[in-house]
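The block underneath contains the structure these notes are about, expressed in structure tokens.
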Amino acid sequence: MINTQFHIDPPANEPIREYRPGSDETTRLQQELERMASETVEIPCVVGGRPVETGIIKEWTAPHDHSLTLCRYHAATPQVVEDAVASCTEAWKEWSETPIQVRVAIFDRAAELLSGEWRDRVNASTMLGQSKTCFQSEVDAACELIDFWRFNNYFAQEVVYADQPESAPGVKNYVDHRPLEGFVYAVTPFNFTSIAGNLCCAPALMGNVSVWKPSHSSVFSNYYLMRILQEAGLPDGVINFIPGPSSEVTRILLGNRDFAGLHFTGSTDVFRELWAGISGNLANYRGYPRIVGETGGKDFIFAHPSAYVGALATAALRGAFEYQGQKCSAASRMYVPRSLWPELKEMLIEQMRSIAMGDIRDFKNFIGAVINESAYDRICGYIEHARGVSGAEVVQGGECSGDQGWFVQPTLIECEDPRTRTMEEEIFGPVLSVHVYEDSRIEETLDLCDTTSPYALTGAVFGQDRVAVELCSSRLRHCAGNFYINDKPTGAVVGQQPFGGARASGTDDKAGSALNLQRWVAPRTVKENFSPPTEYRYPHMA
Ligand code: NAD
């Protein structure tokens with residue numbers, strides 16, 4: 001019988017290292033960066049716990065240094081994909097019956113390993129492979145993933161033990177939180193190592209098995225997560241790591257009768273394509289697959305005339321340009337009242353001129369390169385468009401250089417036309433578009449903010465007038481799944497601000513919370529009668 005007592009203390013968030021110049025932690029991380037940059041590693045698929053070399057080799061070079069080839073990985077073949085499913089099916093037999101305490105112990109151990117001996121390696125691979133600064137990598141690849149593992153353990157026990165029904169006298173009711181029958185397909189994005197780890201592990205924690213297809217652009221760091229999970233004692237086949245051609249892998253997996261769920265983070269178009277593929281195969285599945293997807297954003301900062309300009313400027317700089325704007329939560333459009341704009345514009349331009357961009361091995365840099373050539377072309381294309389279209393003006397930045405690495409200067413675009421493309425579409429780069437509105441037209445501008453983009457991921461409102469801020473917050477209620485008051489729209493912390501958006505931004509299942517974990521169970525309600533009736537007639541029939 002299930003124990004319905006739940007007295008476990010929530011974990012604390014992993015402390016963030018600061019990497020001050022000359023500190024021991026900085027020296028160790030720099031040594032690891034040097035070591036990793038001096039070799040090209042070979043990465044296999046991992047199926048049923050075994051490395052699989054297919055001979056179909058793909059390479060990954062550092063986004064900020066075209067001469068630095070970091071890894072050569074073996075891409076999955078159709079046979080490897082089939083083997084991964086077979087391995088899931090085999091592993092499911094035991095794993096689906098493995099007690100929650102054992103599953104929790106494995107992910108706790110993974111968190112310990114990442115917090116300690118694996119931290120530098122995972123951070124260095126994320127920095128080199130995804131062009132993150134030490135701080136951006138530390139908050140993502142180390143702290144956020146450790147937090148996902150530890151908090152999910154806490155929330156999973158809450159789901160299993162505390163989420164239980166009442167029992168009438170003489171009866172015991174309980175809910176058995178079963179895993180899904182089949183495998184979960186985890187499709188992960190390049191931009192957060194922590195998300196990659198979470199998408200395959202959250203279902204596994206709830207007793208599921210998964211096939212994990214990492215992004216081509218983050219195989220390098222993601223492989224080390226697979227190694228940590230193995231070292232932590234995850235049984236073979238519970239998670240199978242198969243980098244490979246997206247469409248081919250997806251076609252095979254979605255065509256399988258045992259496909260039980262999709263855990264996706266990435267762009268809106270790809271998610272829609274996957275959803276359509278699932279719908280097309282629906283009649284062939286054993287059950288109705290769970291679909292959880294976190295997708296694109298066009299995240300905003302809305303400034304009320306009472307906003308403090310210094311705080312706005314910092315929120316815009318950090319919110320829009322950290323990690324080169326390649327965060328789903330990055331601020332990419334801003335609405336500013338005319339009364340504040342001259343001072344804010346001057347402050348932004350001055351500070352943007354001071355931003356250091358370059359190789360992330362130089363810890364003085366604030367930003368690195370964008371992820372790859374197609375991202376570079378797309379972002380530079382948007383800047384070119386803004387230069388050429390009426391109603392928009394590039395007021396700072398806008399330079400692109402692809403010689404050494406894929407570098408795009410942080411760019412500020414003033415948009416007289418609030419419907420210009422850079423105000424509406426997800427750019428996923430270091431580009432911030434600003435629309436200046438008349439102070440008297442705040443109501444219309446709130447409507448504009450609400451209706452300008454199909455997304456609803458993150459947003460922020462700034463203002464000192466708390467009553468006015470409340471009005472903005474309520475008018476923008478459906479525009480963001482994560483809403484901030486007087487803070488930048490990025491940087492959600494696991495356990496504090498559960499993350500996810502609605503509208504075209506996803507299914508809003510809040511990564512790193514009980515809401516997400518509940519999607520990966522098929523509850524079975526059990527009623528036990530301690531004294532079953534022995535007479536079919538009811539009292540009213542006497
Ligand atoms: P992407 O959609 O290009 O790729 C995501 C994953 O899907 C990768 O593993 C990729 O290989 C795979 N993929 C690509 N095409 C596919 C296809 N046709 N079939 C099956 N799989 C396919 O996204 P990305 O460039 O890795 O990440 C950036 C996007 O992710 C942005 O749109 C960003 O907003 C979004 N994102 C959202 C969140 C969130 O929580 N909402 C978090 C991070 C990133």
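Quick test for you: out of 454, 498, pick the one residue that is in contact (Cβ under 8 Å) with a residue 12 or more places away in the chain, more than 27 Å from residue 308 (Cβ to Cβ), open to solvent by 20 Å² or more (accessible area, probe 1.4 Å) and in the same structural domain as residue 339 (by TED's automatic domain parsing).
Details: 498 fails: in the same structural domain as residue 339 (by TED's automatic domain parsing).
Answer to the check: 454.
Applying a threshold of 8 Å to beta carbon distances and a minimum spacing of six or more residues, or different chains, the list of pairs starting in the stretch 238-259 at a residue that is touching a residue at least 60 places away in the same chain (Cβ under 8 Å) and under 14 Å from residue 282 (Cα atoms) and ending at one that is within 11 Å of the ligand (Cβ to nearest atom) and not in a helix (DSSP H, G or I) reads 253/185; 254/185; 259/185.
In the stretch 249-303, the qualifying residues are those that are in a loop (DSSP other than H, G, I, E, B) and within 11 Å of the ligand (Cβ to nearest atom), and the one that is farthest from residue 189 (Cα to Cα) is 298. Of all the numbered requirements in (1) within 30 Å of residue 312 (Cα to Cα); (2) within 16 Å of the ligand (Cβ to nearest atom); (3) buried (at least 16 other Cβ atoms within 10 Å of the Cβ), residue 516 misses one, and that requirement is (1).
Each residue in the stretch 457-494 was checked for being among the charged types (D, E, K, R), touching a Ser or Thr at 6+ places or on another chain (Cβ under 9 Å) and buried (at least 16 other Cβ atoms within 10 Å of the Cβ), and 1 of them qualify. Residues of the stretch 287-306 that are open to solvent by 10 Å² or more (accessible area, probe 1.4 Å) and closer than 18 Å to residue 465 by Cα: 304, 305, 306. Screening the stretch 3-98 for strands (runs of 3 or more DSSP E) wholly inside it with 1 or more residues that are closer than 30 Å to residue 159 by Cβ returns the ranges 45-47. I'd like to know if the stretch 436-448 contains one or more residues that are open to solvent by less than 20 Å² (accessible area, probe 1.4 Å) and hydroxyl-bearing (Ser, Thr, Tyr). For the stretch 436-448, residues open to solvent by less than 20 Å² (accessible area, probe 1.4 Å) and hydroxyl-bearing (Ser, Thr, Tyr): present. Every condition in (1) within 16 Å of residue 429 (Cβ to Cβ); (2) outside any strand (DSSP E or B); (3) away from the ligand (no atom under 16 Å from the Cβ) is met by residue 334 except one, and the failing one is (2). Residues in the stretch 29-82 that are in contact with an Asp or Glu (Cβ under 6 Å, 6 or more places away or on another chain) and either more than 26 Å from residue 134 (Cβ to Cβ) or assigned by TED's automatic domain parsing to the domain that holds residue 200 (or both): 44, 47, 48, 49, 74.
Among strands (runs of 3 or more DSSP E) entirely within the stretch 171-231, having at least 2 residues that are surrounded by 24 or more Cβ atoms within 10 Å (Cβ to Cβ) and in the same structural domain as residue 84 (by TED's automatic domain parsing) singles out 183-187, 209-213.
To keep it simple, each residue is scored yes or no on (1) surrounded by fewer than 22 Cβ atoms within 10 Å (Cβ to Cβ); (2) at pLDDT 95 or above; (3) β-branched (Val, Ile, Thr).
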{"position": "62", "(1), (2), (3)": "no, yes, no"}
{"position": "72", "(1), (2), (3)": "yes, yes, no"}
{"position": "77", "(1), (2), (3)": "yes, yes, yes"}
{"position": "89", "(1), (2), (3)": "yes, yes, yes"}
{"position": "112", "(1), (2), (3)": "yes, yes, no"}
{"position": "141", "(1), (2), (3)": "no, yes, no"}
{"position": "164", "(1), (2), (3)": "yes, no, no"}
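The values are calculated or read from the model by the stated rules, or taken from the named source; none is laboratory data. Since the model is a prediction, treat every value here as computed from it, not as a measurement. Note: ideal-geometry Cβ built from the backbone for every residue, glycine included; neighbour counts use all protein chains shown. Side chains are part of the model used for accessible areas, which takes the heavy atoms of the whole protein and leaves out ligands, DNA and RNA. Shrake-Rupley method; radii C 1.70, N 1.55, O 1.52, S 1.80 Å.
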